[in-house]
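What follows is a single structure, written as structure tokens, with notes after it.
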Amino acid sequence: MNADLHCHSTVSDGQFAPAEVAERAHANGVTLWSLTDHDQLGGQKEARTAAEALGMRYLPGVEISVTWASRTVHIVGMNVDPENEALLAGLEATRNGRAARGVAIGEALAAVGIPDCYQGALRFTDDPDMISRTHFARYLVEAGYAQSTSDVFARYLGDGKPGFVGHRWAKLADAVKWIKDAGGEPIIAHPGRYDFTPVEFAALFDEFIQFGGRAIEVVTGSHTPDQYREYADVARRYGFEASRGSDFHGAGEGRVDLGLLPPLPDDLTPVWERWL
Ligand code: AMP
Ligand code: MN
Ligand code: MN
Ligand code: MN
């Protein structure tokens with residue numbers, strides 16, 4: 001079983017259409033796949049059709065942006081019903097405000113001498129309501145302000161950098177409830193990416209469990225190999241089920257390609273076992 005349960009398409013901030021992502025996953029040996037665009041289920045039909053035509057098992061997915069303790073946390077919703085109305089309404093409310101935030105990011109960057117970024121970023125997406133920092137990063141690289149998207153985040157768009165504009169996303173309790181009520185399983189995405197103290201991590205995990213959460217990503221393209229081990233230990237300590245996903249966005253972006261991560265440690269319970 002080569003499961004890759006986290007990646008993005010042009011429906012959010014990926015470079016390839018859902019069917020192209022499916023082909024790439026299949027070419028890399030993925031047998032169980034999920035497309036998890038940010039706050040958006042618009043790619044699910046195309047993803048499922050393409051996956052099944054290629055002989056891959058498909059699980060509908062989404063990655064919800066959450067504000068927890070004033071910081072951004074991502075919650076993957078796995079095997080959700082993509083037509084569930086409360087989930088669709090919640091995602092729409094979560095996306096709402098991306099356009100205004102994009103304008104504010106453009107103004108913040110103009111104030112440090114980098115003009116016209118909002119218009120520039122819009123060239124990388126059709127939908128102003130889906131505009132994300134990734135689109136700004138692609139523009140800033142293309143315009144020569146940075147070497148790579150990770151360089152852009154380190155210098156301009158990361159927390160506390162000149163182009164960072166705070167935003168209120170969904171509440172953790174709401175995101176977990178939307179996912180569970182849509183028949184899905186909430187998974188804390190890439191915990192190693194959050195700049196939390198041990199006390200904050202414990203509070204996040206405890207709240208997540210209290211709301212009914214029981215799974216975290218362990219092996220993800222957003223973790224280093226050291227973090228695979230660190231969050232495998234967290235999964236053991238909390239009794240969490242574990243997930244695996246590349247968080248693939250496009251060629252030359254991110255650490256690993258679809259399907260090419262190491263397997264989960266043998267002693268962990270894969271979150272996908274119940275759907276096989
Ligand atoms: P947003 O939802 O608009 O705040 O954008 C968040 C997106 O930016 C994430 O989903 C990633 O695709 C991307 N991102 C965040 N941090 C980094 C980073 N350090 N390097 C590259 N991409 C990043
Ligand atoms: Mn992204
Ligand atoms: Mn994420
Ligand atoms: Mn992601």
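Can you classify the range 94-138 as rounded, prolate or oblate using the Cα gyration tensor, where a ≥ b ≥ c are the square roots of its eigenvalues, rounded means a/c under 1.5, and otherwise it's prolate if a/b beats b/c and oblate if not?
Because a/c hits 1.5 or more and a/b fails to exceed b/c, the range 94-138 counts as oblate.
State the Cα centre-to-centre distance between the range 70-143 and the range 25-59 in whole Å.
After rounding, the separation between the Cα centres reads 22 Å.
Gain in length, residue 197 to residue 85, computed as 0.36 nm per residue apart minus the alpha-carbon separation, to one decimal in nm?
36.7 nm
I'd like the carbon and sulfur percentage of the solvent accessible area for the range 98-157, probe radius 1.4 Å, heavy atoms only, ligands and nucleic acids excluded.
Carbon plus sulfur share of accessible area: 50 percent.
Going by the alpha-carbon gyration tensor, a ≥ b ≥ c the square roots of its eigenvalues, is the range 97-185 rounded (a/c under 1.5) or, if a/c is not under 1.5, prolate (a/b greater than b/c) versus oblate?
prolate
Taking Cα pairs under 8 Å and at least six residues apart, what relative contact order does the range 98-157 come out at, in percent?
After rounding, I find 27 percent.
Using a 1.4 Å probe, what is the accessible area per residue for the range 109-194, in Å²?
46 Å²
Need one word for the range 1-143: rounded, prolate or oblate. Basis is the Cα gyration tensor (sqrt eigenvalues a ≥ b ≥ c); a/c below 1.5 gives rounded, then a/b vs b/c decides.
Verdict is prolate for the range 1-143.
Which trypsin sites (Lys or Arg not before Pro) from the range 39-126 combine a DSSP loop assignment with at most 11 other Cβ atoms within 10 Å?
123
Taking the alpha-carbon distance from residue 45 and a cut-off under 25 Å, which lysines remain once sequence neighbours fewer than 8 residues away in the same chain are dropped?
Straight-line reach from residue 45, under 25 Å: 177, 180.
Carbon and sulfur: what percent of the range 202-263's accessible surface (1.4 Å probe)?
51 percent
Using Cα pairs under 8 angstrom and six or more residues apart, how large is the relative contact order of the chain, in percent?
20 percent
Using a 10 angstrom cutoff on alpha carbons, build the Gaussian network for the chain and name the most mobile of 166, 252, 184.
Ranking 166, 252, 184 by mean-square fluctuation puts 252 first.
Work out how much length residue 142 to residue 96 would gain on full extension: take 0.36 nm times their residue separation and subtract the Cα-Cα distance, in nm to one decimal.
13.8 nm
Given the options 239, 14, 29, which has the most mean-square fluctuation in a GNM of the chain, springs set between C-alpha atoms less than 10 angstrom apart?
For the chain, modelled as a Gaussian network with Cα springs under 10 Å, the answer is 239.
Taking springs between alpha-carbon atoms closer than 10 angstrom, which of 40, 15, 119 fluctuates most in the Gaussian network model of the chain?
Checking each option, the largest mean-square fluctuation is seen for 119.
Within the set of other residues whose C-beta is less than 12 Å from the C-beta of residue 167, count the net charge using Lys and Arg as +1 and Asp and Glu as -1.
Net of charged neighbours comes to +4.
Quick one: net charge around residue 46, please, counting Lys, Arg +1 and Asp, Glu -1 for every other residue with C-beta under 12 Å from its C-beta.
Local net charge: -2.
The values are calculated or read from the model by the stated rules, or taken from the named source; none is laboratory data. Worth saying up front: this structure is predicted, and the values here are computed from it rather than measured. Reconstructed Cβ throughout: ideal geometry from the backbone, glycine too, with neighbour counts over all protein chains shown. We work out accessible area using only protein heavy atoms, side chains counted, and drop any ligands, DNA or RNA first. Shrake-Rupley method; radii C 1.70, N 1.55, O 1.52, S 1.80 Å.
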